[in-house]
Structure formats: C-alpha cells, structure tokens
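One structure is given here, and the rest of the page talks about it.
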Amino acid sequence: MVAIRLRRGGSKNRPFYRIVVAERTSGRDGRFIEVLGHYNPRSQPHEVKVDRERLQHWLERGAQLTDTVRTLLARVPAEEPAGAVQAS
C-alpha cells in the first residue's frame, strides 16, 4: 500500500521533513516514489509547502495519509495556491 508521510532530513536537533509518497513497508528515511512538499518545524510560524495537484493525484489513486500528515494538512488553508504557506 502507498502512504503519504514525512521523511526526516536536516541535522541533529534541527529537523526538516519532506512530505513524500512511499510504500508503507519502506523505512522512514528509505526509498520513496515522489516528493510532494516539505515541512519546517523550526521556522516561526512553521512552514508547510505542498503541491496540492500532486497530492490530489495520489489520493485519487488510493494513497493513504498518515495521521501526522493529515494533521499538518488540516492547518494549511486549502484555498491557497500551490506554494509556500504558513501554518500556525
């Protein structure tokens, strides 16, 4: 099954996450299919950037959101155009 989830990057104590499409069985930082955006928890306010068109494409094909990604996307206004938007 395909999942839309976070992939950790950055250095120690400075996390940075990419929102990716990956097989559910692959590791957190393992192989992925496509990068859909990113999440920076260190910026104030937190920065979340998502390609909504590609997100919709994968959801139509049966990809499942993880709980964390679902929570992040709930903070981002849906009517914003594709690009960087600020989440609280």
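Taken together, the values in this text are just the output of simple stated rules run on the coordinates, not laboratory data. Keep in mind that this is a model prediction, so the values were computed, not measured. We place every Cβ from the backbone using ideal geometry, glycine too, and count neighbours over all the protein chains shown.
Over every pair of different alpha-carbon atoms in region 2-77, take the mean of 1/r and invert it; report that Kirkwood radius in Å. Please report the intermediate quantities before stating the final value.
Working: mean 1/r = 0.0793 Å⁻¹.
Result for region 2-77 stands at 12.6 Å.
Using per-residue counts of other Cβ atoms within 10 Å, averaged over each peptide, order 15-22, 29-36 from highest down.
Packing proxy ranking, top to bottom: 15-22, 29-36.
Dipole of the chain, Cα-centred, from +1 at each Lys and Arg C-beta and -1 at each Asp and Glu C-beta, to the nearest 20 debye?
Details: 16 positive and 10 negative charges, 100 e Å.
In total the dipole reaches around 480 debye.
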